[in-house]
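Beneath this line is the structure, given in structure tokens, with notes to follow.
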There are 4 protein chains.
Amino acid sequence: MPRAEREREMLDAAVRVIGRSGYQAASMDEIAEAAGVSKPLVYLYLNSKEELFTACVEREARTLVGAVQAGVRAGDPPDRQLWRGLTAFFRYAAERADGWQVLHIRARTHGEPFARLADTMREQILALVTALIADAARSEHGTRDLPAREVEGLAHALVGAAESLATRAGSDPTLTPAESARTLMAFAWTGLEGLVAGRRWAAGE
Amino acid sequence: MPRAEREREMLDAAVRVIGRSGYQAASMDEIAEAAGVSKPLVYLYLNSKEELFTACVEREARTLVGAVQAGVRAGDPPDRQLWRGLTAFFRYAAERADGWQVLHIRARTHGEPFARLADTMREQILALVTALIADAARSEHGTRDLPAREVEGLAHALVGAAESLATRAGSDPTLTPAESARTLMAFAWTGLEGLVAGRRWAAGE
Amino acid sequence: MPRAEREREMLDAAVRVIGRSGYQAASMDEIAEAAGVSKPLVYLYLNSKEELFTACVEREARTLVGAVQAGVRAGDPPDRQLWRGLTAFFRYAAERADGWQVLHIRARTHGEPFARLADTMREQILALVTALIADAARSEHGTRDLPAREVEGLAHALVGAAESLATRAGSDPTLTPAESARTLMAFAWTGLEGLVAGRRWAAGE
Amino acid sequence: MPRAEREREMLDAAVRVIGRSGYQAASMDEIAEAAGVSKPLVYLYLNSKEELFTACVEREARTLVGAVQAGVRAGDPPDRQLWRGLTAFFRYAAERADGWQVLHIRARTHGEPFARLADTMREQILALVTALIADAARSEHGTRDLPAREVEGLAHALVGAAESLATRAGSDPTLTPAESARTLMAFAWTGLEGLVAGRRWAAGE
DNA sequence: GATGAATGAGCTTTCATTCAT
DNA sequence: AATGAATGAAAGCTCATTCAT
């Protein structure tokens, strides 16, 4: 079997095993066995456990960001962009459940080399969402009355909500990507429209 | 030093160490040293690494749920309940950063015994929020036009948004609990009010 | 068993095993078994294979240099100093055959950390011998007609000869330290006296 | 490229690599790469790491012994024979530094198969030197008053001295083979002449 | 109540060696 | 004649856990 293909299978196996048991708990023995090869071969191709994991995270991050960016089409109206981005995201999380685990749970759990990678990916998504919200505010309003700091907060909230719904969908197979996206659009877009339109909850404290 | 107090100090140390380095990376040696006692004493009191971690998770979960429940006062109007619950939550995450790490990151990263505990805690919070949203819909509307499944989805979204904002606050010390709560209320409550009032985003797909 | 004693026994075992099979060939398992303890204990006390070996080399070097220095008494006439130094050296090599192997063969065979240590030891011995020869030349002659570079060469030759005779004695148990010392004195001192007295072989090339 | 030549290049590479890093530290990968061929080819020609090393040691031993024997011309007077033998030896050690390392350090460091080979070579040299010394004694004296055992000891001393000076020359490039040979002749021949002439150091102990 | 001393089990990594082509 | 692909075996090291005191 040619090297490139074997390597891909190893990454598949690693994502599967690490996604399920975590980085530390996954032993190289286990990963090699899941890939159907011997351990030395894994080392020959991927060099070390750390590099192997890095390669997994990078590949999954590229896949996810790519899918979301492909969904968000610059010309569309903001709500449609968001809707399609979310759908792409939930679809990724459903179809590559182990990959999503690797990105969302496993990578963020381990010091420097991995957490930074996962953060970079998350920040790319956050930037997308931030731009979207700012855009919506501007297009609705003529001028943006939402300060950057607040927009960023909203983006964080939105991304966190999406992550949470993806996790929920992971444990309830009847929840389709479309339904999760609909739920989140209902929650988020209605609120954002309101905000943009000047409706705002006033603290009673 | 009386046993109860020593035990508390051990848990403090364990939460600190595990919160920072993770369950697997934290060695019993390290924890014992951080607690200022010898390793056998840790075993005498807490029996095993697993039980020690379980005790940490349980204590932190009790603390967090307690704080949130104390905030949510049954008689208050729904928005005020939510506001106070969120404030309590962000305050906990800020004041006991290591504890929050243990609950949010560390516990969910390790098989069965711990993930289940963390889930239980999360579900208590979710139940609280779900009830709150249903309540708001009912009080505003007379009848709830929001089906249970959707309310649950909204609750998940809200909780995920809160978690994300807590993480954000963790890496930007200028973000106070109140500001995080305000951001989330702006995001969530405006939308919820809209939903309840029948405003709803219509999918274009 | 108290730590200090155990540690000494570990070093004994390590010197024995490494002296016989060499640094690389000696496994930590083997050394631990020879010391009658478990491998983790060896690591607990000596930290790593490298540090363990370093400790061996240092201890043996100290022992050997100490023995030789104790033999060479500053007040004695040079030939007597040399004779006693050599006797002490051959006695060490005979009594601690494994230690001698460690210093002479094993340590010089491995990069930087160890070779340097062994070299340092050898240089201490060389310095001693160099001083002795220079001294002999001076005392015999009033003035030294032997240039430093040549004296150094002679010292190297003498030390090499001693090492070679020690190795020979190692494989022929009937050779006592005294006999080796006598052989070398016969070889070296007669020549040195001759050199000092101006007798010198003239190259025919 | 014809097999014989390829094989020679492999041995060259092996001597180079093993001479510098040692037998164990040198990996077959490294040697194959240094030889500019693939690993299986090394196995095809040399069968195993052990046989490869054996071939190296044998070749270098043959080269060294051959060079020394070519120097020692049977008809010459003993001192001239020794002088030329030493010069040949130091020249070999300087010109084939890696080969000398292999013989002197690497081969003697590893069990049975190699140490024996190196010993055989050393014994050939020792026999040469022993014969030379006995010869000198006889020719000077009519009858040899030096017992065989002592002559052997002197030969060991002389060879050890030569080895030590070769090592010294290895770390100081200004030392030419001729100078090393001169130093050793000064040291050894003056003494041997004295011995033969009946001058002898009398132990004071 | 508290600890110094000790270990079984397991993990990552490396390397000599061999097929199939 | 030559190699890319693959592996069995073993080594260094760590850690949760337990006695004996």
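Where a number appears in this text, it was derived from the coordinates with a stated rule and is not lab data. Predicted model, so just to flag it, every value in this text is computed and none were measured. Note that we place each Cβ from the backbone using ideal geometry, even for glycine, and neighbour counts take in every protein chain shown.
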_Classify the range D:1-85 from the C-alpha gyration tensor, please: rounded if a/c falls under 1.5, else prolate or oblate depending on whether a/b exceeds b/c._
prolate
*For the charge dipole of the range A:1-110, defined by +1 on Lys and Arg C-beta atoms and -1 on Asp and Glu C-beta atoms about the Cα centroid, which residue among A:81, A:69, A:55 has the Cα displaced farthest towards the positive pole?*
A:81
*Could you give the angle, 0 to 90 degrees to the nearest 10, between helix A:177-196's Cα long axis and the longest principal axis of the Cα atoms of chain A?*
40
_Taking the Cα centre as origin and putting +1 on Lys and Arg beta-carbons and -1 on Asp and Glu beta-carbons, what dipole magnitude results for the protein assembly as shown, to the nearest 20 debye?_
240
*How far apart are the residue D:41 label points across copies, placing each 7 Å from Cα toward Cβ, in nm, shortest first?*
2.6, 5.3, 6.7
*Which chain D residue hugs the D-A rotation axis most tightly by its Cβ, and what is that distance in angstrom, to the nearest whole number?*
D:40, 4
*asked:* Once R0 is set to 30 Å, what does the formula 1/(1 + (r/R0)^6) return for the Cβ-Cβ distance between residue C:115 and residue A:8, expressed as a FRET efficiency to the nearest 0.05?
replied: 0.10
_Treating only the Cβ of Lys, Arg, Asp and Glu as charged (+1, +1, -1, -1), what charge dipole size does chain B show about its Cα centre? Round to the nearest 20 debye._
220
*Starting with the fewest neighbours, write out A:152, D:112, A:51 ranked by other beta-carbon atoms found within 10 Å of each beta-carbon.*
D:112, A:51, A:152
*If one takes the longest principal axis of the Cα atoms in chain B, at what angle in degrees, from 0 to 90 and to the nearest 10, does the Cα axis of helix B:49-71 lie?*
40
*Mind sorting B:15, C:102 by how few other Cβ atoms lie within 10 Å of their own Cβ, fewest first?*
B:15, C:102
*Could you name the lysines in cross-link range of residue C:49, using Cα to Cα under 27 Å and dropping any fewer than eight places away on the same chain?*
A:39, A:49, B:39, C:39, D:49
*Let me know the shape class of chain A, please: from the alpha-carbon gyration tensor, a ≥ b ≥ c as square roots of the eigenvalues, rounded when a/c is under 1.5, otherwise prolate if a/b is greater than b/c, or oblate.*
prolate
*Tell me the distances, shortest first, between residue C:3 and the same position across the other copies, using label points 7 Å along Cα→Cβ, in nm to one decimal.*
3.0, 4.9, 6.2
*chain D: relative contact order in percent, alpha carbon pairs under 8 Å with at least 6 residues between*: 20
*Measuring label to label, 7 Å along Cα→Cβ, what does residue A:115 give against each other copy in nm, shortest first?*
2.1, 4.2, 5.2
*How do B:49, B:39 line up, fewest other C-beta atoms within 10 Å first?*
B:39, B:49
*Which distance in nm do the two modelled labels at residue B:74 and residue B:197 give, with both placed 7 Å along the Cα-to-Cβ direction?*
3.1
*Could you tell me whether the range B:10-57 comes out rounded, prolate or oblate from its Cα gyration tensor? Rule is a ≥ b ≥ c as square roots of the eigenvalues, rounded for a/c under 1.5, then prolate if a/b exceeds b/c, otherwise oblate.*
oblate
_Nearest 10 degrees is fine. How inclined is helix C:112-141 to the longest principal axis of chain C, computing both from alpha carbons?_
20
*Along the charge dipole of the protein assembly as shown, Cβ charges K/R +1 and D/E -1, which of C:120, C:162, A:198 sits furthest on the positive end?*
A:198
